[in-house]
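> I have a structure here, written as structure tokens, and I will follow up with some questions on it.
Quick note: the coordinates plus some simple rules give every number you see, no bench work behind them. Small disclaimer: the values here were computed from a predicted structure and weren't measured. Here the Cβ positions follow ideal geometry from the backbone for every residue, glycine too, while neighbour counts run over all protein chains shown.
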Amino acid sequence: MDINCDDTLSVSLHRVFNADLNEHGTVFGGQILKLVDGEASVAAMRVTRTTVVTAAMDHVQFLRPFKLQDSMCMEAYVTGVGRRSLEIFVKVIGEHLMTGERFLGFTCFMTYVIQDPDQRIKYDHVIPQTDEQRAMVAGYETRRLHRKENRQWQKTIVEAITKKKPWLA
């Protein structure tokens with residue numbers, strides 16, 4: 001069974017306020033990541049219709065800063081599905097509200113996994129409708145293989161990380 005990218009699309013707007021800003025007068029990166037994770041989770045649950053957890057965020061690109069008097073339009077849609085995991089592409093388009101100028105400020109791919117190990121995704125493929133979606137879906141298998149290889153590398157890194165409290169030594 002297939003699902004269209006547009007059927008998974010999640011869109012929201014966020015107005016930039018003083019509370020969002022860091023010491024540089026731009027939106028704090030952690031704030032963007034928080035908003036993006038929430039947006040992508042909506043797209044993920046439109047496919048799974050069950051609880052999902054964030055497994056990975058990769059290809060993160062902060063392209064242009066968002067400032068006071070900007071809005072951030074977040075769009076997220078599913079670009080690939082596995083048995084229990086799925087990939088979502090997220091972009092954030094900025095708009096200078098005083099001038100109307102629009103710009104691409106942020107992109108990333110997120111991976112979510114169904115929390116219940118006994119549940120599976122009922123779709124086999126994601127069908128793109130736009131040129132952008134075709135480009136994002138076309139790269140899914142390559143990104144998936146890269147994440148799989150990265151998980152092996154991460155195991156080595158995690159084993160090397162000390163759990164001792166150095167300040168108590």
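> Given charges of +1 on the Cβ of Lys and Arg and -1 on the Cβ of Asp and Glu, with all other atoms neutral, how large is the dipole of the stretch 95-169 about its Cα centre, in debye to the nearest 20? Intermediate results must be reported in sequence, preceding the final value.
Working: 13 positive and 10 negative charges, 121 e Å.
Dipole magnitude for the stretch 95-169 comes out near 580 debye.
> While we're on this one: Tell me the net charge near E75. Cut-off is 10 Å between Cβ atoms, E75 excluded, with +1 for each Lys or Arg and -1 for each Asp or Glu.
The answer is -1.
> Right, next: Of (i) 57, 49, 26; (ii) 57, 34, 30; (iii) 39, 33, 33, which is the value of Cα extents along the principal axes in Å derived from the coordinates here?
(i)
> Of Y77, I114, I93, which is farthest on the positive side of the dipole of the chain, counting Cα position, with +1 on Lys and Arg Cβ, -1 on Asp and Glu Cβ, and the Cα centre as origin?
Positive-most Cα among the choices belongs to I114.
> Under a Cβ-only charge scheme (Lys and Arg +1, Asp and Glu -1), can you give me the dipole magnitude of the chain about the Cα centre, in debye to the nearest 20?
Here the chain has a charge dipole of around 760 debye.
> What FRET efficiency comes out for the pair E159/R83, r = Cβ-Cβ distance, R0 = 35 Å, nearest 0.05?
Once the sixth-power term is evaluated, E becomes 0.85.
> A further question follows. Separation between the E132 and D6 pseudo-spin-labels, each 7 Å from Cα along Cα→Cβ, expressed in nm?
About 1.4 nm, to one decimal.
> Can I ask one more? I'd like the trypsin sites (Lys or Arg not before Pro) in the stretch 104-158 restricted to DSSP loop residues with at most 16 other Cβ atoms within 10 Å, sorted by number.
Sites meeting the loop and neighbour criteria: R120, K122.
> Cα gyration tensor of the stretch 29-106, axes a ≥ b ≥ c as square roots of the eigenvalues: rounded (a/c below 1.5), prolate (a/b > b/c) or oblate?
prolate
> In addition: When only Cα pairs under 8 Å and 6 or more residues apart are kept, what is the percent relative contact order across the stretch 41-148?
Numbers: 198 pairs, mean separation 32.9, N = 108.
Once normalised by length, the contact order is 30 percent.
> Can I ask one more? Using a Förster distance of 25 Å, how high is the FRET efficiency between H24 and E101, based on the Cβ-Cβ distance and rounded to 0.05?
For R0 = 25 Å, the calculated efficiency reads 0.80.
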